[in-house]
Amino acid sequence: MAGLAGGSTDCANTLVGLCELFNIQKNDEELYEICNKLGSDISFFINTKLALCTNRGEIVNPIDINYEPIDILLVKPKVGLSTKNVYSIYKWDKTDKFYKINNLINSLENHNLELLENNIFNDLENCSLQLSSELNDLYKKYKELELKPHVSGSGPSIFFINPSIDEITLIKSLLSNDDFITKTRII
């Protein structure tokens, strides 16, 4: 219940592990077919490379570009959100986001973090913020401090791209002892 695809990752790794354990030979396409019966975004984690996932997340289109690692600061508030509940209030706005996707790919190719920051989108972000006043309050406080928070998946985790030491200090200052924070590098 963090919006970080933990369940999907576990499912994909279990499937791969079972194939190895029982010496079952399956190629990626065969594994994708099984994954699609189990959940929407599980296929991505069979072969974790940079990819554009479409439809419900089950169509995996690998993106073969060179890109530099990006530092991410991840905040997991103590609150949890049910993916099912988040999706239950989601309404597709029928907005074409292909230009944003193209900008995201371009930003990674050129290591243009400003372009990346300006084109990140998450259609579930507003739903997550509606369902949790605690998450919404924290998100708003970060915005008021002129930080650039992004909700991950169905929430409630929030991430920041390439934050400075001063920004990290501000981010930490709003957290309770029950919240979790970590800095990682996406490669």
Work through the residues other than Gly17 whose Cβ is under 14 Å from its Cβ and net out their charges, Lys, Arg +1 and Asp, Glu -1. -1
Express the accessible area of the chain per residue in Å², computed with a 1.4 Å probe while the remaining protein chains stay in the model. 62 Å²
Got a number for carbon plus sulfur as a percent of the chain's accessible area, 1.4 Å probe? 50 percent
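With Cβ to Cβ distances under 11 Å as the rule, what net charge do the other residues near Ile161 carry (K, R +1; D, E -1)?
-3
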Are there chymotrypsin sites (Phe, Trp or Tyr not before Pro) in the stretch 1-104 that DSSP marks as loop and that have at most 12 other Cβ atoms within 10 Å, and which are they? Phe22, Trp92
Which of the aspartates and glutamates could be linked to Lys148 by a straight reach, that is with a Cα gap under 16 Å, when you skip same-chain ones fewer than 8 residues away? Asp71, Glu114, Glu117, Glu125, Asp137, Asp166, Glu167
Given pairs Lys49/Lys141; Lys37/Lys76; Lys26/Lys183 and cut-off 32 Å on Cα-Cα distance, the over-length ones are Lys49/Lys141; Lys26/Lys183
Give me the angle, in degrees from 0 to 90, between the Cα long axis of helix 133-144 and the longest principal axis of the Cα atoms of the chain, rounded to the nearest 10. 60 degrees
With axes computed from alpha carbons, what is the tilt in degrees of helix 98-109 against the longest principal axis of the chain, rounded to the nearest 10 within 0 to 90? 90 degrees
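Which GluC sites (Glu not before Pro) does the stretch 106-172 hold that lie in a coil by DSSP with at most 11 other beta carbons within 10 Å?
Those satisfying the criteria are Glu146.
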With Cβ to Cβ distances under 12 Å as the rule, what net charge do the other residues near Glu33 carry (K, R +1; D, E -1)? -2
Ordered by residue, what ³J(HN,Hα) values in Hz, to whole numbers, does the stretch 12-20 give under the Karplus form 6.51 cos²θ - 1.76 cosθ + 1.60, where θ = phi - 60° and Gly and Pro are x? 4, 5, 5, 4, 4, x, 5, 4, 5
Using a simple spin-label model with points 7 Å from Cα along the Cα→Cβ vector, what separation in nm is obtained for Lys49 and Phe180? 3.0 nm
Which is the longest stretch in the chain that no exposed loop site breaks, taking sites as trypsin sites (Lys or Arg not before Pro) with a DSSP loop state and at most 16 other Cβ atoms within 10 Å? 98-187
When all C-alpha to C-alpha distances in the stretch 72-187 are sorted into bins of 10 Å, what percent of pairs does each bin hold, rounded to whole numbers? 13, 42, 35, 9, 0
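The values are calculated or read from the model by the stated rules, or taken from the named source; none is laboratory data. The structure presented is a predicted model; accordingly, all values stated were derived computationally and were not measured. We place every Cβ from the backbone using ideal geometry, glycine too, and count neighbours over all the protein chains shown. Ligands, DNA and RNA are excluded from the accessible area calculation, which covers all protein heavy atoms including side chains. Shrake-Rupley method; radii C 1.70, N 1.55, O 1.52, S 1.80 Å.
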